[in-house]
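One structure is given here, and the rest of the page talks about it.
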Amino acid sequence: MTMKTGLVLEGGAMRGLFTAGILDVLMEEDIWVDGVVGVSAGAAFGINFVSRQHGRPIRYNKRYAKDWRYCSMRSWLLTGDLFGAQYAYHDIPEKYDPFDNDTYESSDTAFHLVCTDVMTGEAVYKRLEQGGSIAYDWVRASASMPMVSKPVALEGKLLLDGGVADSIPLAYFEREGYERNIVILTQPEGFVKQHNKLMPLLRLSLRKYPLMVKALDTRHVMYNQQLAFVRQREQEGRALVIRPDAPLKIGHISHDPDEMQAVYDIGHQTGQRMISDIRSFLGQP
């Protein structure tokens, strides 16, 4: 009986283009896994691996980088969402740069994502078996950053950024039966997450959701514990961890296509450099 293989994709907003570059290399090399779990940008970009849409995340991010409807302070002020809920998560995948729902739904690779329930501050895990409008809203929920996004209502819950409750869901994927996992991180070795300096503003903006505020207040503790767990699994040979060699020079938000391309290229080069390690780890010739 073969072991189930997985990809675990953390978030990091525009740092996620590093992940997108690696995923494109896997597609170029015809390397596939049994399941993918993504958080925030890891979900938004990782879902394209399952639909086998090489180059799509870097393409649409560059194309719409300067469109206020995609991501802007104007969008935030007018709609309550920094990334336009309708334009970024429906108009683009449905009309302008279509997401391939048919390929996604027929894929042998399962796709999971993580959100945070704002009422409880706890992680909500969802396997998306179908594409389409509801799937796009689940991805939006996973990637909706607190304070600059409205909570997304789905299945009776109010949801925001999955990274608040479970930033690196390796333990979740192991519980789901994925025994050999490639973990793609967007921070270099040695990174230690600090307490969020924006907590006073987050407390104010999320004052109706005290358990969400508590989760944000302790997120750095959770994240650093998860990094330690990832390192443990790496040392045991149960996880292959791919990280950038140095901090990625891009902010949470970027309107610069060249900056985006540079981060993507670093990911692509990293993926190419590690192809033999990836094949060996997965047991694929």
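The values are calculated or read from the model by the stated rules, or taken from the named source; none is laboratory data. Small disclaimer: the values here were computed from a predicted structure and weren't measured. Glycine gets a Cβ as well: all are built from the backbone with ideal geometry, and neighbour counts include every protein chain shown. For the accessible areas, the whole protein counts, side chains as well, though only heavy atoms, and no ligand, DNA or RNA atoms are used. Shrake-Rupley method; radii C 1.70, N 1.55, O 1.52, S 1.80 Å.
What is the packing order of peptides 177-188, 84-95, taking the mean over residues of other C-beta atoms within 10 Å and listing the highest first?
177-188, 84-95
If ligands, DNA and RNA are left out, what is the accessible area of W76 with a 1.4 Å probe, given in Å² to the nearest 10?
That residue has around 80 Å² of solvent-accessible surface.
Determine, for each peptide in 4-11, 67-74, 156-163, the mean count of other beta carbons within 10 angstrom over its residues, then list the peptides with the highest first.
Highest to lowest by the protection proxy: 4-11, 156-163, 67-74.
Under 18 Å from a label point 7 Å along Cα→Cβ of Q225: give me every residue in segment 182-202 with its amide N that close.
192-196
Based on the Kirkwood radius over alpha-carbon pairs, what is the Stokes-Einstein translational diffusion coefficient of segment 37-120 at 25 °C with 0.890 mPa s viscosity, in µm²/s?
Here the translational diffusion coefficient equals 176 µm²/s.
Whole number please: convex hull volume per residue of the Cα set in the chain, in Å³?
Hull volume normalised by residue count: 121 Å³.
Determine the alpha carbon to alpha carbon distance for each of K62/K249; K95/K208; K126/K214; K62/K95; K4/K157 and list only those over 27 Å.
Listed pairs above 27 Å: K95/K208; K4/K157.
In whole angstrom, note down how far apart the Cα centers of segment 230-256 and segment 1-78 are.
Value for the Cα centre distance between the two parts: 14 Å.
If you roll a 1.4 Å probe over the heavy atoms of the protein chains, what accessible area per residue do you get for the chain, in Å²?
44
Given the rule -39500 (n - 2.57) for each run of at least 4 DSSP H residues, summed and divided by the residues of the chain, what is its mean residue ellipticity at 222 nm, to the nearest 500 deg cm²/dmol?
Result for the chain, helices only: -12000 deg cm²/dmol.
Got the relative contact order for the chain handy, in percent, Cα pairs under 8 Å and 6 or more residues apart?
That works out to 28 percent.
Please report the base-10 log of the normalised intensity I(q)/I(0) for segment 136-266, using a Debye sum with one equal scatterer per alpha carbon and no solvent, at each q in 0.09, 0.12, 0.23 (1/Å).
Each listed q maps to, in turn, -0.32, -0.58, -1.41.
Any chance you could list P(r) for segment 166-213, counting all Cα-Cα pairs in 10 angstrom bins from zero, rounded to whole %?
Each 10 Å bin holds this share of Cα pairs: 20, 30, 31, 19, 0.
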